[in-house]
Amino acid sequence: GEVVYIRQLYARNRLFGYYVDGQLIGYAAYHIDNSVGALYVDPLYRRQGYGQKIISAAASLSNDAYTYSQVLVDNTASIRLHDSLPLTRSEKIIHWAYDEGFCYSE
């Protein structure tokens with residue numbers, strides 16, 4: 001599921017990696033629907049501003065005026081991170097279902 005999707009994003013140049021001293025410490029995806037997500041930061045580098053840098057850099061890849069990020073309502077760390085960015089928070093809650101079929105076929 002998720003691992004396959006991340007590999008597919010990587011194969012399609014849709015992952016933005018962030019490196020410190022030549023070591024990959026985090027990444028974010030620029031999804032096909034113009035959203036930014038799948039943020040990961042190595043636990044040793046969390047709460048040091050790298051998440052902000054990664055999300056901002058991935059969002060800058062968009063040539064569209066409208067890029068967005070979806071955050072699960074119980075992911076307080078991600079909500080704090082997004083609130084620290086110069087973004088407008090929507091009060092809209094979106095309900096969606098994940099299906100393995102969402103992934104690209106290999």
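The values are calculated or read from the model by the stated rules, or taken from the named source; none is laboratory data. Quantities reported herein were computed from a predicted structural model and do not represent experimental measurements. Quick reminder, even Gly has a Cβ in these numbers, built from the backbone with ideal geometry, and neighbours come from all protein chains shown. In case anyone asks, the SASA skips ligands and DNA or RNA and just uses the protein heavy atoms, side chains included. Shrake-Rupley method; radii C 1.70, N 1.55, O 1.52, S 1.80 Å.
Give me the percent of accessible area attributable to carbon and sulfur for the range 8-61, probe 1.4 angstrom.
50
Using protein chains only and a probe of 1.4 angstrom, how many square angstrom of residue 24 are accessible, to the nearest 10?
80
Once the other residues with Cβ under 14 Å from the Cβ of residue 24 are scored (Lys, Arg +1; Asp, Glu -1), what is the net sum?
Here the count lands on -1.
Considering only the other residues whose Cβ falls under 12 Å of the Cβ of residue 80, what net charge follows from Lys and Arg at +1 and Asp and Glu at -1?
Residues near residue 80 contribute +2 overall.
Measuring from label point to label point, each 7 Å out along Cα→Cβ, what is the residue 24 to residue 87 span in nm?
Computed distance between label sites residue 24 and residue 87 equals 2.2 nm.
Mind listing the phi-derived Karplus ³J(HN,Hα) values for the range 3-11, rounded to whole Hz, using 6.51, -1.76 and 1.60 with θ = phi - 60°, and x for any glycine or proline?
Values per residue, Gly and Pro as x: 4, 4, 4, 4, 4, 5, 4, 4, 5 Hz.
Loop only by DSSP, 12 or fewer other Cβ within 10 Å of the Cβ. Give me the trypsin sites (Lys or Arg not before Pro) in the range 1-47 that pass, ordered by residue number.
Answer by residue number: 12, 47.
Within the range 1-72, list the chymotrypsin sites (Phe, Trp or Tyr not before Pro) lying in a DSSP loop whose Cβ has at most 13 other Cβ atoms in a 10 Å radius.
When the chymotrypsin sites (Phe, Trp or Tyr not before Pro) of the range 1-72 are filtered for loop state and at most 13 Cβ neighbours within 10 Å, 66 remain.
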